[in-house]
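Novice: Have a look at this one.
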Amino acid sequence: MEFQGSHILSIEPFERGDIEAVFDVADRMAPYAHRRKATRVLEGAILGNMFFEPSTRTRVSFGCAFNLLGGDVRETTGLQNSALAKGESLYDTARVLSGYSDVIAMRHPQEGSVAEFAVASRVPVINGGDGSNEHPTQALLDLYTIRKEIQSKGKTVDGLRIAMIGDLKYGRTVHSLCKLLRLYKNIKIVLISPKELMMPGELVESLREVGHEVIISDHLEDNIQHVDIAYSTRIQEERFSSPEEADLYRGRFRLNQAIYTQFCEPNTVIMHPLPRDSRSAARELDDDLNENPNLAIFRQADNGVLMRMALFALILDVVEQVDKYARDVPWYTSGRF
Ligand code: NCD
């Protein structure tokens, strides 16, 4: 895969070597992501950060990643704040905004919208989530996290055992992650969801096609017993026709410390793309897991910055120059990473 000048719209074009290349660059970004060093390599470049759906982590980590490489960020948030609300087409918006930016990150509620936007864009576009379709950068940071977490337990992604739990129908993070896991060998994937929110059939088939073992269930406790990773997800209430419809599924699969202790292997890593829904009716990942050392959700979120820095450096072709433009930082660094 050629990264320089490319759009990142889906995880599908990635091959295993591409993943390794991105992960290697992500590792090299650590001193900058952790603010022990600063680099000005992207000084003068502008990221158009366009988020037409709610977002905290993805939007802010894209912005931080670009800033940490020395670039500037211009944000548009909310459909109602953009000319799309005046009837402007994605085509026109793309033509205009790509004149103001060197790269664009975009989230939009409609499936396929980011790809449509990219066709008209004059600069590379990165998909920050298009409806329930895909979220490729999240899949990369998820796999990077999985690899890092299980490496310390002597395991590799080949041979991984993972449970995906919750809204597997509308959850774009698990869709992209399943596509990514097709590149690895001998994986056991346990899909735990309400029957109405099952993983789309074609994704299940594509996992089986490459020889992975796929188990489908609507029961949590029996199915989280022999996995390396328990990847929980939120009910995607914004995709339902009403909040009442989402209420039918909220709180169906709750992982808390008592269930973890009783059913999971001692070192099972707990992941979630976040936000977890902490309202009492939902709580798919209980707060009582917060002190559990295997709760990787905040390390996972931290890794988003590394991953997005790596993608920017590759797309704008500055990987080899990042260190050339580096200096030590004069401020106190807390060593929190
Ligand atoms: C996810 C998303 O937006 O798809 N969040 C994220 O980007 N980290 C998951 C979610 O909203 O539930």
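Novice: In the stretch 278-295, how many are within 13 Å of the ligand (Cβ to nearest atom), part of a loop (DSSP other than H, G, I, E, B) and either more than 21 Å from the chain's Cα centre (by Cα) or crowded, with 19+ Cβ neighbours inside 10 Å (or both)? Break it down into steps so the answer makes sense when it comes.
Specialist: Looking only at the stretch 278-295, we keep the residues that are within 13 Å of the ligand (Cβ to nearest atom), and these are 278, 282, 284-285.
After this cut, where a residue has to be part of a loop (DSSP other than H, G, I, E, B) as well, the list is 278, 282, 284.
Narrowing further to those that are either more than 21 Å from the chain's Cα centre (by Cα) or crowded, with 19+ Cβ neighbours inside 10 Å (or both): 282, 284.
Selection size over the stretch 278-295: 2.
Novice: Is there a residue being open to solvent by less than 40 Å² (accessible area, probe 1.4 Å) and within 23 Å of the chain's Cα centre (by Cα) anywhere in the stretch 83-100?
Specialist: So far as the stretch 83-100 goes, no, none of its residues is open to solvent by less than 40 Å² (accessible area, probe 1.4 Å) and within 23 Å of the chain's Cα centre (by Cα).
Novice: Moving to a separate point now. Show the residue pairs meeting these rules: Cβ distance below 8 Å; 6+ apart or different chains; first residue within the stretch 44-64 and of a type in the set (Asp, Glu); second residue within 10 Å of the ligand (Cβ to nearest atom).
Specialist: Glu53/Arg107; Glu53/Gly129; Glu53/Glu238
Novice: A further question follows. Given the criterion at pLDDT below 95 and of a type in the set (D, E, K, R), identify the matching residue among Asp228, Asp222, Asp218.
Specialist: Numbers: Asp228 fails: at pLDDT below 95; Asp218 fails: at pLDDT below 95.
Sole residue among the options that is at pLDDT below 95 and of a type in the set (D, E, K, R): Asp222.
Novice: For the subset of the stretch 285-330 comprising residues that are free of Cβ contacts under 8 Å to residues at least 60 places away in the same chain and of a type in the set (A, V, I, L, M, F, W, C), which member is nearest to Gly251 (Cα to Cα)?
Specialist: Leu285
Novice: Would you pick out the residues in the stretch 17-41 that are part of a loop (DSSP other than H, G, I, E, B) and out of contact with any helix residue (DSSP H, G or I) (no Cβ under 7 Å at 6 or more places or on another chain)? Give the derivation first.
Specialist: We begin by selecting, within the stretch 17-41, every residue part of a loop (DSSP other than H, G, I, E, B); these are 29, 34-36, 40-41.
Residues satisfying the conditions are His34, Arg35, Arg36.
Novice: Please enumerate the residues belonging to the stretch 259-277 that are outside any loop (DSSP other than H, G, I, E, B) and in contact (Cβ under 8 Å) with a residue 24 or more places away in the chain. Write out each step before concluding.
Specialist: To start, the set of residues in the stretch 259-277 that are outside any loop (DSSP other than H, G, I, E, B) comprises 259-263, 269-271.
Matches in the stretch 259-277: Ile259, Tyr260, Gln262, Phe263, Val269, Ile270, Met271.
Novice: Continuing with this model, one more query. Pick out the one residue from Glu245, Glu238 that is without any contact (Cβ under 8 Å) to a residue 12 or more places away in the chain and outside any loop (DSSP other than H, G, I, E, B).
Specialist: Working: Glu238 fails: without any contact (Cβ under 8 Å) to a residue 12 or more places away in the chain.
Criteria check complete, one pass: Glu245.
Novice: If you go through the stretch 187-208 one residue at a time, how many are in contact (Cβ under 8 Å) with a residue 12 or more places away in the chain and either over 23 Å from the mean Cα position of the chain (by Cα) or exposed (fewer than 14 other Cβ atoms within 10 Å of the Cβ) (or both)?
Specialist: Adding up the residues that qualify gives 2.
Novice: Test Asp317 against the stated conditions and say whether it is of a type in the set (Asp, Glu) and either within 16 Å of the ligand (Cβ to nearest atom) or not assigned by TED's automatic domain parsing to the domain that holds Met29 (or both). Show your work before the answer.
Specialist: Working: of a type in the set (Asp, Glu): yes; either within 16 Å of the ligand (Cβ to nearest atom) or not assigned by TED's automatic domain parsing to the domain that holds Met29 (or both): no.
Answer is no for this residue.
Novice: Something else about it: Can we say Ala105 is open to solvent by 10 Å² or more (accessible area, probe 1.4 Å), out of contact with any Cys (no Cβ under 9 Å at 6 or more places or on another chain) and at pLDDT 95 or above? Please lay out each step first, then the result.
Specialist: Working: open to solvent by 10 Å² or more (accessible area, probe 1.4 Å): no; out of contact with any Cys (no Cβ under 9 Å at 6 or more places or on another chain): yes; at pLDDT 95 or above: yes.
No: the conditions fail for Ala105.
Novice: Can you tell me which residue is most open to solvent (accessible area, probe 1.4 Å) among those in the stretch 45-68 that are more than 12 Å from Ala105 (Cβ to Cβ) and within 9 Å of the ligand (Cβ to nearest atom)?
Specialist: Result: Pro54.
Novice: Further question: Run Ser98 past the list (1) under 24 Å from Gln236 (Cα atoms); (2) not in a strand (DSSP E or B) and report the number of the one that doesn't hold.
Specialist: (1)
Novice: Run down Asn67, Asn81 and say which single residue is without any contact (Cβ under 8 Å) to a residue 24 or more places away in the chain and either within 15 Å of Val103 (Cβ to Cβ) or basic (Lys, Arg) (or both). Before the answer, list the steps.
Specialist: Values: Asn81 fails: either within 15 Å of Val103 (Cβ to Cβ) or basic (Lys, Arg) (or both).
Criteria check complete, one pass: Asn67.
Quick grid of which residues meet (1) open to solvent by 20 Å² or more (accessible area, probe 1.4 Å); (2) outside the structural domain of His108 (by TED's automatic domain parsing); (3) within 14 Å of the ligand (Cβ to nearest atom):
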residue: Ser241; (1), (2), (3): yes, yes, no
residue: Leu248; (1), (2), (3): yes, yes, no
residue: Tyr260; (1), (2), (3): no, yes, no
residue: Pro266; (1), (2), (3): yes, yes, no
residue: Met271; (1), (2), (3): no, yes, yes
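Novice: Only residues that are away from the ligand (no atom under 15 Å from the Cβ), open to solvent by 10 Å² or more (accessible area, probe 1.4 Å) and either under 18 Å from Lys188 (Cα atoms) or within 10 Å of the chain's Cα centre (by Cα) (or both): list them for the stretch 113-156, please.
Specialist: Arg147, Glu149, Gln151, Lys153, Gly154, Lys155, Thr156
Novice: Can I ask one more? Taking the criterion of being away from the ligand (no atom under 16 Å from the Cβ), under 27 Å from His108 (Cα atoms) and either part of a loop (DSSP other than H, G, I, E, B) or open to solvent by 10 Å² or more (accessible area, probe 1.4 Å) (or both), would at least one residue in the stretch 162-182 satisfy it?
Specialist: Residues of the stretch 162-182 that are away from the ligand (no atom under 16 Å from the Cβ), as a first pass: 162-163, 181-182.
From the residues that got through so far, the ones that are under 27 Å from His108 (Cα atoms) too are 181-182.
Going one step further and asking which of them are either part of a loop (DSSP other than H, G, I, E, B) or open to solvent by 10 Å² or more (accessible area, probe 1.4 Å) (or both), we end up with 182.
Yes, the stretch 162-182 contains a residue that is away from the ligand (no atom under 16 Å from the Cβ), under 27 Å from His108 (Cα atoms) and either part of a loop (DSSP other than H, G, I, E, B) or open to solvent by 10 Å² or more (accessible area, probe 1.4 Å) (or both).
Novice: Another question, if that's okay. Do we find a residue being modelled with pLDDT of 95 or more and small (Gly, Ala, Ser) anywhere in the stretch 139-153?
Specialist: Yes: the stretch 139-153 contains one or more residues that are modelled with pLDDT of 95 or more and small (Gly, Ala, Ser).
The values are calculated or read from the model by the stated rules, or taken from the named source; none is laboratory data. Quick caveat, the model's predicted, so the values are computed rather than measured. Every residue, glycine among them, receives a Cβ derived from its backbone with ideal geometry; neighbour counts consider all protein chains shown. Remember, those area values only see protein heavy atoms, side chains included, never the ligands or the DNA or RNA. Shrake-Rupley method; radii C 1.70, N 1.55, O 1.52, S 1.80 Å.
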